[in-house]
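Notes follow the structure.
The values are calculated or read from the model by the stated rules, or taken from the named source; none is laboratory data. If you're wondering where the values come from, they're calculated on a predicted model, not measured in any experiment. Cβ atoms come from the backbone with ideal geometry, glycine included; neighbour counts cover every protein chain shown.
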Amino acid sequence: MCGIVGYAGNKNVESVLLVGLICLEYRGYDSAGIAVFDKGDIEIRKEKGKIKALENLLKEKPVDGHIGIGHTRWATHGEPSQINAHPHTDSKTSIAVVHNGIIENYQKLKFQLQSKGHVFHSSTDTEVIPHLLAEELKAGKSIKDAFLNIFSKIEGKWAISVLFEREPDRVYFAQDGAPLLIGKGKNEYYLSSAIEALIRNSAEVCYTKNKEWGYFTKNELAIFDFQGNPIVPEFKKQELKWTEIDKTGYPHYMIKEIFEQPSIFRKIIEKRMNGGYELNFPEFTLPKEILSRVTRLIIQAAGTSLHAGMIGKHYLEQFPKIQTDSEMSSEFVYRNPVVEGDTMIIAISQSGETADTLAGIYEAKAKFLKVISLVNNVNSTIARESDAFIDMLAGPEIGVASTKAFTAQLMHLFLFSLYVASLKWMIPEEELKALLDEVKLLPSKMDAILNKASIIEKWSKDFVDTKDFVFLGRTYNHPVALEGALKLKEISYIHASGYAGGELKHGPIALITSEVPVVCIAIDSEIYPKMVSNIEEIKARHGKIISIVNEGDEQVKALSDYCFEIPKCSEVLSPLLTVIPLQLLSYYVAVARDYDPDKPRNLAKSVTVE
Ligand code: AGP
């Protein structure tokens with residue numbers, strides 16, 4: 001996905017747009033650009049690479065003005081390059097457009113426009129938009145009618161912002177399925193794809209809804225629906241503090257967010273239990289009688305959120321005893337699942353904008369199923385499209401590799417499972433209290449693990465040239481093995497695979513050599529002896545063992561090349577602890593290999609395209 005910003009006010013628009021784009025850089029960093037009204041003309045500056053490259057270009061060729069739009073790109077159509085960078089314009093540079101999302105039918109539209117003589121320069125889908133608008137204006141349409149006409153032509157999920165040379169005091173915007181926020185300042189308005197770019201300048205924020213468009217000047221904001229009817233903008237007080245999205249002294253967002261986990265857990269425990277044992281989810285509006293009638297659950301999510309969902313499946317079957325499946329969103333959408341009336345869908349998404357997961361929600365709603373979601377952004381599209389949502393309370397997660405959101409998801413899946421079990425009178429009071437008492441001990445156990453981060457940092461130097469990693473776990477820690485492998489591969493670019501320990505001998509053991517480190521999660525549990533057998537099998541083939549064990553485990557320690565001890569906790573809650581050394585391992589190995597863990601190549605923080 002990409003990041004869009006816009007501004008109309010009295011400030012120097014070049015610096016406002018650059019600061020905004022830097023706040024959104026996690027959304028994509030293949031190229032960046034701005035379009036500004038400079039003495040009445042639209043001036044374009046755009047460059048391949050991170051925003052730094054655009055800043056350098058602007059030092060050589062500055063622009064001057066107070067109104068403009070900007071874009072930071074994650075390439076979908078057309079390689080990262082200067083020519084494919086946004087903004088894109090019509091042939092006369094009288095219209096400039098920045099775009100997030102996908103125009104699914106752009107080839108057909110491009111062909112039609114080319115047959116009318118339009119000349120295209122880029123290989124992007126976006127470039128059809130300024131040409132479509134130019135065609136409408138050439139036919140004598142007003143800007144309003146031009147917008148309404150093209151909305152019926154373009155297909156896909158998208159958000160755009162547009163400058164028209166004929167209206168040099170206005171920034172136009174429109175969205176159909178991708179986020180666009182309007183921030184209100186003093187004699188100024190801001191536009192952004194996400195809240196991070198509005199925190200410092202806007203006390204109030206309007207979250208536009210699907211199929212809305214409009215414009216703003218420095219003093220006026222107008223919003224309409226896709227039939228042209230005016231809409232009253234709803235502004236909400238925005239509560240985020242700058243420190244929540246600043247690195248506050250950490251070298252990267254990812255390590256800051258890993259170390260934030262204990263404090264986030266203390267906040268979750270406080271908010272969900274307010275000091276006692278009464279679980280509460282005030283934002284969750286689904287009636288209790290509907291929830292207690294659910295006979296089947298399907299969790300659908302992507303990436304790290306899917307790994308959390310796989311553990312959530314265990315919790316929902318163990319406590320409220322509801323048959324639960326966890327599905328990859330991108331597969332769930334096309335699977336046409338067999339479902340009954342009392343089946344409910346749980347969508348898990350940190351960003352709340354993942355296109356695959358959103359598509360899964362639309363598929364579920366087409367089957368008249370209730371959908372609830374677990375999101376980290378309560379103003380997101382997924383939250384809006386759900387019948388009810390739970391806020392995972394992790395605070396903004398900027399690092400592309402998800403860490404604190406994962407453990408916050410697990411915590412909420414665990415507490416929600418207990419909540420539903422108590423609604424259905426399926427958990428004795430004492431058992432509930434004992435489990436919640438153990439939850440309250442988790443933050444200090446996380447602190448104990450993080451206090452030993454330097455051990456992992458030291459190890460990481462040994463893996464700078466490693467080509468392959470294997471991660472093994474069982475039951476609750478099988479998804480943790482998958483998560484550890486995902487973390488390592490997505491930020492250090494080392495090939496890594498996660499497997500259930502029991503699967504090792506069914507094929508993956510062929511990978512084991514002295515060059516292949518194997519991370520084994522072997523905590524006290526019913527399956528501990530089986531993990532020890534896995535470790536013996538690997539040792540017999542000279543594999544390198546990196547073990548995650550409970551404190552005091554001398555047996556596995558003696559078999560390990562690297563052994564990390566975590567505080568004891570029950571197996572059901574162990575993923576909240578076993579994942580932390582794996583997060584640290586991926587971070588330190590990436591840094592040791594001189595990569596930027598916050599902006600891994602080819603990735604973006606939220607994948608808003610299917
Ligand atoms: C996690 O480290 C990855 N960046 C990615 O797999 C992510 O979890 C996935 O894209 C789902 O994102 P979401 O939680 O925002 O839906």
Margin query: Exactly one of these conditions fails for Leu358: (1) within 26 Å of Ser574 (Cα to Cα); (2) within 12 Å of the ligand (Cβ to nearest atom). Give me its number.
Written below: (1)
Note to self: For the list (1) under 25 Å from Thr295 (Cα atoms); (2) in contact with a Gly (Cβ under 8 Å, 6 or more places away or on another chain); (3) part of a loop (DSSP other than H, G, I, E, B), I need the number of the one condition that Ser402 fails.
What the structure shows: (1)
Check: Can you spot a residue in the stretch 543-562 that is in contact (Cβ under 8 Å) with a residue 60 or more places away in the chain, in contact with a helix residue (DSSP H, G or I) (Cβ under 6 Å, 6 or more places away or on another chain), within 30 Å of Lys599 (Cβ to Cβ) and surrounded by 15 or more Cβ atoms within 10 Å (Cβ to Cβ)?
Finding: yes
Item checked: Subset of the stretch 328-355 (residues that are more than 16 Å from the ligand (Cβ to nearest atom) and polar (S, T, N, Q)) -> Asn336, Thr343
Margin query: Just the residues that are touching a helix residue (DSSP H, G or I) at 6+ places or on another chain (Cβ under 8 Å) and surrounded by 15 or more Cβ atoms within 10 Å (Cβ to Cβ), please, taken from the stretch 139-152.
Written below: Lys141, Ile143, Ala146, Phe147, Asn149, Ile150
Next item on the list: Kindly indicate which of Tyr253, Tyr215 is surrounded by 14 or more Cβ atoms within 10 Å (Cβ to Cβ), among the hydroxyl-bearing types (Ser, Thr, Tyr) and farther than 18 Å from Ala405 by Cα.
Entry: Tyr215
Notebook entry, point to check: If you check Tyr528, Tyr595, which single one turns out to be modelled with pLDDT of 95 or more, more than 16 Å from the ligand (Cβ to nearest atom) and not acidic (Asp, Glu)?
Noted result: Tyr528
Check: Does Val400 count as within 21 Å of the chain's Cα centre (by Cα), crowded, with 18+ Cβ neighbours inside 10 Å, at pLDDT 90 or above and more than 14 Å from the ligand (Cβ to nearest atom)?
Finding: no
Next item on the list: Considering only the stretch 539-548, state which residues are outside any loop (DSSP other than H, G, I, E, B) and closer than 19 Å to Ser460 by Cβ.
Entry: Lys544, Ile545, Ile546, Ser547, Ile548
Next item on the list: Identify all residues within the stretch 565-610 that are part of a strand (DSSP E or B) and in contact with a Leu (Cβ under 9 Å, 6 or more places away or on another chain); write none if there are none.
Entry: Ile566
Notebook entry, point to check: Among the residues of the stretch 353-383, which ones are assigned to a helix (DSSP H, G or I), over 19 Å from Asn100 (Cα atoms), of a type in the set (A, V, I, L, M) and touching a helix residue (DSSP H, G or I) at 6+ places or on another chain (Cβ under 9 Å)?
Noted result: Ile361, Ala364
Next item on the list: Kindly indicate which of Ser606, Ser533, Ser560 is within 16 Å of the ligand (Cβ to nearest atom) and more than 30 Å from Glu431 (Cβ to Cβ).
Entry: Ser606
Check: Quick check: is even one residue across the stretch 2-18 modelled with pLDDT under 95 and surrounded by 24 or more Cβ atoms within 10 Å (Cβ to Cβ)?
Finding: yes
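Would you point out which residue out of Lys52, Lys46 is out of contact with any Asp or Glu (no Cβ under 9 Å at 6 or more places or on another chain) and buried (at least 21 other Cβ atoms within 10 Å of the Cβ)?
Of Lys52, Lys46, the one residue that is out of contact with any Asp or Glu (no Cβ under 9 Å at 6 or more places or on another chain) and buried (at least 21 other Cβ atoms within 10 Å of the Cβ) is Lys46.
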Next item on the list: Pick out, from the stretch 1-104, the strands (runs of 3 or more DSSP E) lying fully within it that include 2 or more residues that are aromatic (Phe, Trp, Tyr) and within 21 Å of Val400 (Cβ to Cβ).
Entry: none
Notebook entry, point to check: Can you find even one residue in the stretch 410-417 that is touching a Phe, Trp or Tyr at 6+ places or on another chain (Cβ under 8 Å) and within 16 Å of the ligand (Cβ to nearest atom)?
Noted result: yes
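From the residues in the stretch 54-83 that are of a type outside the set (Ser, Thr, Tyr) and over 21 Å from Phe37 (Cα atoms), which one is nearest to the chain's Cα centre (by Cα)?
Trp74
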Margin query: Could you go through the stretch 354-369 and let me know if any residue there is among the acidic types (Asp, Glu) and closer than 30 Å to Lys433 by Cβ.
Written below: no
Margin query: If the requirement is being under 18 Å from Ile4 (Cβ atoms) and either touching a residue at least 60 places away in the same chain (Cβ under 8 Å) or out of contact with any helix residue (DSSP H, G or I) (no Cβ under 7 Å at 6 or more places or on another chain) (or both), which of these qualifies: Thr93, Thr89, Thr72?
Written below: Thr72
Next item on the list: Among the residues of the stretch 295-321, write down those that are more than 30 Å from Glu397 (Cα to Cα) and surrounded by 22 or more Cβ atoms within 10 Å (Cβ to Cβ).
Entry: Pro320
Next item on the list: Tally the residues that are more than 12 Å from the ligand (Cβ to nearest atom) and either part of a loop (DSSP other than H, G, I, E, B) or aromatic (Phe, Trp, Tyr) (or both), restricting the search to the stretch 384-395.
Entry: 5
Note to self: Restricting to the stretch 185-215, give me the number of residues that are farther than 21 Å from Tyr26 by Cα and not in a loop (DSSP other than H, G, I, E, B).
What the structure shows: 9
Checklist line | Spans of strands (runs of 3 or more DSSP E) in the stretch 216-324 with at least 1 residues over 30 Å from Ala453 (Cβ atoms) and within 16 Å of the ligand (Cβ to nearest atom) | finding: 296-301
Notebook entry, point to check: Which one is farthest from the chain's Cα centre (by Cα) among residues in the stretch 523-538 that are touching a residue at least 24 places away in the same chain (Cβ under 8 Å), in a helix (DSSP H, G or I) and closer than 30 Å to Asp465 by Cβ?
Noted result: Glu537
